[in-house]
Amino acid sequence: MSLMKWSDSMSVGVAAADADHKKLVGMVNTLFDGVQAGKGRDAVGEILDGLINYTVEHFDREERYFAQTGYPGAAEHKAQHESLKIQVMAIREKFKNEAALTITLETMNFLKNWLVNHIQGSDKEYAPYLNERGIK
């Protein structure tokens, strides 16, 4: 059972960003499935690490587009990225350092909601600007 499903309404109209977003949705679902299936801490930890690493890679890609095009909303958007990085790093550290801690449904819903709201909110805002500058 998936936690979330990609839909066309989530598309921002920038191919690389959409591909990243689809992959992130899949990775959130893989983490959720691993937690639901009772996979061991090491397995769940590896999935969480992969999700975090790919999220940072995706953010870096978006931010390179912003720098390349002079996107006027770059600073605010980057601040949103930094906020999520701090939150997920805290989740990872807590998970790694507390033997009894598992990834909770609350944490999974936080990741899902942040991803959906970010894509459908601020990511959709940059798409027309990037498209006008040849990034499709």
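See the values below:
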item	result
Residue selected from region 1-15 under the condition surrounded by 18 or more Cβ atoms within 10 Å (Cβ to Cβ) and in contact (Cβ under 8 Å) with a residue 60 or more places away in the chain, by the criterion farthest from G121 (Cα to Cα)	L3
Residue satisfying condition, being surrounded by 14 or more Cβ atoms within 10 Å (Cβ to Cβ), charged (D, E, K, R) and modelled with pLDDT under 95, within set K136, K85, K96	K85
Single condition I135 does not satisfy, out of (1) in contact (Cβ under 8 Å) with a residue 40 or more places away in the chain; (2) hydrophobic (A, V, I, L, M, F, W, C); (3) within 19 Å of D33 (Cβ to Cβ)	(3)
Within region 35-46, considering residues that are charged (D, E, K, R) and either in contact with a strand residue (DSSP E or B) (Cβ under 7 Å, 6 or more places away or on another chain) or in a helix (DSSP H, G or I) (or both), the one nearest to E98 (Cα to Cα)	R41
Members of region 68-123 that are among the basic types (K, R) and closer than 25 Å to D33 by Cα	K85, R92, K94, K96, K112
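Let's see how each residue does on (1) in contact (Cβ under 8 Å) with a residue 60 or more places away in the chain; (2) of a type in the set (V, I, T); (3) exposed (fewer than 13 other Cβ atoms within 10 Å of the Cβ); (4) in a helix (DSSP H, G or I):
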{"position": "K22", "(1), (2), (3), (4)": "no, no, no, yes"}
{"position": "L48", "(1), (2), (3), (4)": "no, no, no, yes"}
{"position": "H58", "(1), (2), (3), (4)": "no, no, no, yes"}
{"position": "A75", "(1), (2), (3), (4)": "no, no, yes, yes"}
{"position": "I103", "(1), (2), (3), (4)": "yes, yes, no, no"}
{"position": "G121", "(1), (2), (3), (4)": "no, no, yes, yes"}
{"position": "A127", "(1), (2), (3), (4)": "yes, no, no, yes"}
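Residues are listed down the side, and each one gets a yes or a no for (1) free of Cβ contacts under 8 Å to residues at least 24 places away in the same chain; (2) not in a helix (DSSP H, G or I):
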site	(1), (2)
A17	no, no
M27	no, no
T30	yes, no
D33	no, no
I52	no, no
E63	yes, no
Q68	no, no
P72	no, yes
R92	no, no
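The values are calculated or read from the model by the stated rules, or taken from the named source; none is laboratory data. Here the structure is a predicted model, which means the values were calculated and not measured. Ideal geometry is used to build each Cβ from the backbone, glycine not excepted, and the neighbour counts take in all protein chains shown.
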